[in-house]
Amino acid sequence: MVSVSEDFERRADPYRPELLAHCYRMLGSVHEAEDLVQDTLLRAWRAYDRFDERRASLRTWLHRIATNACLTALEKQTRRPLPSQIGVPGDDPQEPLVPGHEVPWLQPLPDVMLRSDPNDPATVLVSRGSLRLAFVAAMQLLPPRQRAVLILRDVLDWPAAEVAESLGTTPAAVNSALQRARARLAEAAVGEDEISEPTDRRDRALVDRYVAAFENADLAALERLLTDDAILEMPPFRNWYAGKSDYVRFIARCFALRGIGWRMFPVSANGQPAVAAYTPGEDGLHHLHTLQVFTVTDAGIERTTVFQDPEVFALFRLPPTAGADSHWITAR
């Protein structure tokens, strides 16, 4: 005979990836999202004997618990931005880097965490468009309840009445919050094109060309792959640059300081192409330097978000060094 605990685990476990995605959209932190998923499942397990499937599906019930757990957590937290959201772009790529370690920066999410089986190469189980860095970063601009309404209505496609019941409010209040949230995202220039599903083959092919140019220290080739208004940002540093000229000048500075002969290995984050970048060392090895996530459009690479954070490296399980025989890194 199957116990209540075994029945709950069997039924709830398949929802872990989408609950993680949901909490990540709300919080902007992978670690905090993982903690909230665990909290959600614990709360649900404790209340499982009172779950009434005639009133709501298990999926809806779990998302309702997760949403309210996130709202409680957000009462004590500040938003998680990217550098381009809290200052003006720099005009001198040679200027000193300004640390911002006190800022709780937005974290990237490894795509493989959204698969029920980490070894399954199948497409991730949730809409990756709504996980793109631009969208998750813009979500951080919204008050928590507007954030919740936008996700439940526009990402999960819940009816206004169901959202209202989950949040303890009215459908009219939900619709009003949704209008304000959409207007705020429009001000942040996040439209349908920003959250549409990425085109894997096109995006990865362009990033492969970028990697080849970077590994060959070919600045002219790099510049040709960028959009005119390309953005380069580098949390945990506050510096960021806009425009392909300043972008490439900063990369030239990196080559001058770190040398040429970098190696880059493909990973995926937030449904977008990404690479782990390694710099050459005097010991003959390449040493982990950054994780770089690319936003690709038809016109070229529009944004590169460069993370230099040990917590992020640990999330993607990136080895600290790469030898001459290293060909591929699988995150997590």
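If only the Cβ of Lys and Arg carry +1 and only the Cβ of Asp and Glu carry -1, the dipole of the chain around its Cα centre is close to 700 debye.
The overall shape of region 197-310 is rounded: from the C-alpha gyration tensor, with semi-axes ordered a ≥ b ≥ c, the ratio a/c is less than 1.5. Taking all protein chains together, Arg204, Arg224 sort by accessible area into Arg224, Arg204, largest first [probe 1.4 Å]. Simple rule: put +1 on each Lys or Arg Cβ and -1 on each Asp or Glu Cβ in the chain, find the dipole, and look at Pro159, Ile86, His101; the Cα lying farthest toward the positive end is Pro159. For region 21-169, the Cβ-based charge dipole about the Cα centre amounts to some 560 debye (Lys, Arg positive; Asp, Glu negative; other atoms uncharged). Solvent-accessible surface of the chain, taken per residue with a 1.4 Å probe and all protein chains present: 47 Å². For region 5-90, the share of accessible area belonging to carbon and sulfur comes to 46 percent (1.4 Å probe, ligands and nucleic acids excluded). The helix-based estimate of mean residue ellipticity at 222 nm for the chain, built from -39,500 (n - 2.57) per DSSP H run of four or more residues and divided by its residue count, is -13000 deg cm²/dmol to the nearest 500.
Between 0 and 90 degrees, the angle of helix 30-46 with respect to the longest Cα principal axis of the chain falls at about 20 degrees.
Asp200 exposes around 90 Å² of accessible area when a 1.4 Å probe is run over every protein chain in place.
Here Ile65 sits with roughly 30 square angstrom of accessible surface, probe radius 1.4 Å. Amide H contacts of Val296 (H built 1.01 Å from N, in plane; Pro and chain starts excluded): Glu302 sit under 5 Å, all sequence-distant by 5 or more or on other chains. Taking amide H atoms as placed 1.01 Å from N in the peptide plane, the amide H of Val267 lies under 5 Å from those of Ala274, Val275, Ala276, each 5 or more residues away in sequence or on another chain. Each label point was placed 7 Å from the Cα along the Cα-to-Cβ direction; for Ala217 and Ile260 their separation is 0.4 nm.
Residue order by solvent-accessible surface for Tyr48, Tyr241 is Tyr48, Tyr241, largest first, with ligands and nucleic acids left out and a 1.4 Å probe.
Remark: region 189-299 carries a charge dipole of roughly 400 debye about the Cα centre, counting +1 on each Lys and Arg Cβ and -1 on each Asp and Glu Cβ.
For region 203-260, what % of the accessible area comes from carbon and sulfur atoms, probe 1.4 Å?
52 percent
The values are calculated or read from the model by the stated rules, or taken from the named source; none is laboratory data. These numbers come from a predicted model, not from an experiment. Using ideal geometry, Cβ is built from the backbone for each residue, glycine included, and neighbour counts are taken over all protein chains shown. Surface accessibility is based on the protein's heavy atoms, side chains included, excluding ligands, DNA and RNA. Shrake-Rupley method; radii C 1.70, N 1.55, O 1.52, S 1.80 Å.
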